[in-house]
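Written out below as structure tokens is the structure these notes cover.
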Amino acid sequence: MKLRHFLLIGIFTLGSFVNAQEVKKNAIEVTGIAEMEVEPDEIIFSIGIKADNKNDLADNEKKLFETLKNAGVKNEDIKFKSMYQNIYAKNGKFTKSYQFKASTKSNISKIFEDLNQKWVSNLNVAEVKNTKIADFKKTVKINALKAAKEKADYLLESMGKKPELLLRSWKLKTTPAIWFFL
């Protein structure tokens, strides 16, 4: 029994010595940061229309489509989202929700002015995007890698060394980190 305990303690001790024998290399870790401001080229609006009955709701829907068409919004850019009827109200209020996409080229202030009607219950910006965002992300990552390389170069130059080998490069929270071997 004592022999087993002695062997187990010896194995655990030997295992901890093996893990303690790490080979440390001279390395430097740098991170590069790059930013870019991007203006949106596509804005998605959410709009709700209301009416007291189904016929008025259909008329308001036609007015909505006509107003958006006059503002330069295409029919395929208008999407139906939901419809609701309040059955507890005396006259049964009807509401419909839509989303429509407008480019920044269209006159957004004119759209807001034209849709400032009694039958519009709400109008807000649902989403703002840029269609070239993937290209912009690539550019920012490349600029961040260049910034990291420049930082490594001047840090190693201050010690009188030059980067010889790129050891690792990975993405961590969209900020690339680069390791150089000394």
Among the residues of the stretch 129-147, is there at least one that is at pLDDT below 85, farther than 26 Å from residue 36 by Cα and open to solvent by 50 Å² or more (accessible area, probe 1.4 Å)?
no
Just name the residue that is most open to solvent (accessible area, probe 1.4 Å) out of those in the stretch 58-77 that are in contact with a Lys or Arg (Cβ under 8 Å, 6 or more places away or on another chain) and over 17 Å from residue 107 (Cβ atoms).
75
Against the definition (surrounded by 15 or more Cβ atoms within 10 Å (Cβ to Cβ), among the small types (Gly, Ala, Ser), modelled with pLDDT of 85 or more and assigned to a strand (DSSP E or B)), how does residue 97 come out, yes or no?
yes
Within the stretch 111-128, restricting attention to residues that are assigned to a helix (DSSP H, G or I) and not hydrophobic (A, V, I, L, M, F, W, C), which residue is surrounded by the most Cβ atoms within 10 Å (Cβ to Cβ)?
114
What are the residue pairs meeting all of these: first residue in the stretch 51-74, first residue over 10 Å from residue 119 (Cα atoms), second residue acidic (Asp, Glu) and not in a loop (DSSP other than H, G, I, E, B), Cβ atoms under 9 Å, and 6 or more apart or on different chains?
67/114; 68/77; 68/114; 70/114; 71/114
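The values are calculated or read from the model by the stated rules, or taken from the named source; none is laboratory data. Treat the numbers as computed from the prediction; the structure is a model and nothing was measured. Neighbour counts run over all protein chains shown; Cβ positions are idealised from the backbone, glycine included. Remember, those area values only see protein heavy atoms, side chains included, never the ligands or the DNA or RNA. Shrake-Rupley method; radii C 1.70, N 1.55, O 1.52, S 1.80 Å.
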